[in-house]
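Here the structure comes first, spelled out in structure tokens, and everything after it is commentary.
Laboratory data are not the source of any read-out in this text; all were calculated from the coordinates shown. Quantities reported herein were computed from a predicted structural model and do not represent experimental measurements. Backbone-built Cβ (ideal geometry, glycine too); neighbour counts: all protein chains shown.
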Amino acid sequence: MPAEKRILHIVPALFGEKGIVGGAERYALELAQHMAQEAPTTLAAFGDSSEERQVNRLRLRVLGPPWYVRGQRANPVTASLFSEIRRADVVHCHQEHILASSLASLVCRLTGRKVYVSDLGGGGWDISAYISTERWYNGHLHISEYSRVISGHVSRPWAHVIYGGVDTGKFSPDESVERDGTVLFVGRILPHKGIDDLIRAIPPDMHLEIIGYPYDRRYQSDLQALADGKRVTFRPHCDDTALVHAYRRALCLVLPSVYRTMYGEESKVPELLGQTLLEGMACATPAICTDVASMPEVVDDAVTGFVVPPNDPESLRAKILWLRDHPVEARSMGEAGRLRILKKFTWPAVVRRCLEIYQS
């Protein structure tokens, strides 16, 4: 990618306290920050007030206040987005089915700019519900093979898998931190995450720590009722320093997402990657996930952790107990997980994949 090529990333909300603490938002921010090391890069997000600042080499632009399409907070758009597009040569949208991405793709194609899109889950009202906007983009950059499959893009030459990354300097093991036997969950508190199965699975003599903001109050209340009498700790707020420490001292990280929630609701796409699995494995923590969506692409069963059936607390409990009772093997799994991250899921590798596609 020639140095003069200016790259714009567009994401509905900024990662952090002023935006949303979620995997999609962290993905866009981390990718843009690492890409800024290689080419002039701007990350544009939407917020209540306009802001512009420099974060190392990354130009960060908050566009606001936006209009929320049909009142949907995940679907913001504002006219100032078009001035940012005019400054760019390549535009990368992070969410496909929102109005801002469709408008950005249309403007780019009309003005001769390259435009790409990554589906990070979610969406809102968009013209793509009525007409196909699929080919308005020069390419679709999927974060997992699962994402490419469910999009029907397996045989499409303009559909690529770039995967996701993790900051392996920040998320790293520390031999001075002792594993204390805690079972850890990290993620948003939502029914499709299957946390209720994990609470049912946790043995009464083991500690479960749940780190994540309760976006669903009903679910949070039901989880607290399930946890009554067990050693379960809920931590709604946790900065990165504390999060890394939690990964380092945990026996294992568990992401038990499901297609069918405890309320009988269907979640067709519960995980497009599984960012917290990457973070935990980068800290040499064994991972347990369900055989759902993209997660088996991340966790190598019986090598870096375990893949178990969804909606099956008994299987979860068996693997948790196995890791507790086999500390030597558990340590080897954690080390294998760290190596897997270094080989396949680093941000510099994702950046290289993107830049090669932008240039093609």
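Using the Cα gyration tensor of segment 182-344, with a ≥ b ≥ c the square roots of its eigenvalues, what is the shape: rounded (a/c below 1.5), prolate (a/b larger than b/c) or oblate (neither)? Mind dumping the intermediate values first?
Numbers: a/c = 1.43, a/b = 1.30, b/c = 1.10.
In terms of gyration-tensor shape, rounded.
Does anything in segment 257-274 have its amide N under 17 Å from the 7 Å Cα→Cβ label point of residue 221, and if so which residues?
262-263
GNM on the chain, C-alpha springs below 10 Å: top fluctuator among 169, 123, 305?
169
Please sort 109-117, 138-146 by packing, taking for each peptide the average over its residues of neighbouring beta carbons within 10 angstrom, highest first. Please list the in-between numbers first.
On the way: 109-117: 17.2, 138-146: 22.1.
Highest mean packing first, the order is 138-146, 109-117.
What residue among 211, 201, 306 has its Cα farthest toward the positive end of the dipole of segment 193-344, where the charges are +1 on Lys, Arg and -1 on Asp, Glu, each on the Cβ?
Of the listed residues, the answer is 211.
Within 10 Å, count the other beta carbons around each residue, average over each peptide in 218-230, 290-302, 66-78, and list them highest first.
Descending mean neighbour count gives 290-302, 66-78, 218-230.
Of the peptides 48-59, 312-323, 153-164, how do they stack up when ordered by the mean number of other Cβ atoms within 10 Å, highest first?
Working: 48-59: 12.5, 312-323: 17.9, 153-164: 16.2.
So the order, starting with the most tightly packed, is 312-323, 153-164, 48-59.
To the nearest Å, what is the center-to-center distance of segment 66-138 and segment 291-360, using C-alpha atoms only?
Distance between centres, Cα-based: 32 Å.
Can you tell me which of 200, 87, 26 moves the most in a GNM of the chain? Springs connect C-alpha atoms under 10 Å apart.
Maximum fluctuation in the GNM of the chain, among the listed residues, is at 87.
At 0.36 nm per residue, minus the direct Cα-Cα distance, what do residue 318 and residue 172 gain on full extension? Give it in nm, one decimal, please. Intermediate results must be reported in sequence, preceding the final value.
Working: separation 146, 0.36 × 146 = 52.56 nm, distance 2.71 nm.
Using 0.36 nm per residue and subtracting the Cα-Cα distance, I get 49.9 nm.
As a check on your grasp of the helix formula, calculate [θ] at 222 nm for the chain: sum -39500 (n - 2.57) over DSSP H runs of n ≥ 4, divide by the residue count, round to the nearest 500.
Here the helix-only value at 222 nm equals -10000 deg cm²/dmol.
Quick one: which of 230/343; 193/343; 193/344; 5/170; 5/268; 114/193 span more than 31 angstrom between C-alpha atoms?
Values: 230/343 38 Å; 193/343 27 Å; 193/344 24 Å; 5/170 29 Å; 5/268 38 Å; 114/193 35 Å.
Too far apart for the 31 Å limit: 230/343; 5/268; 114/193.
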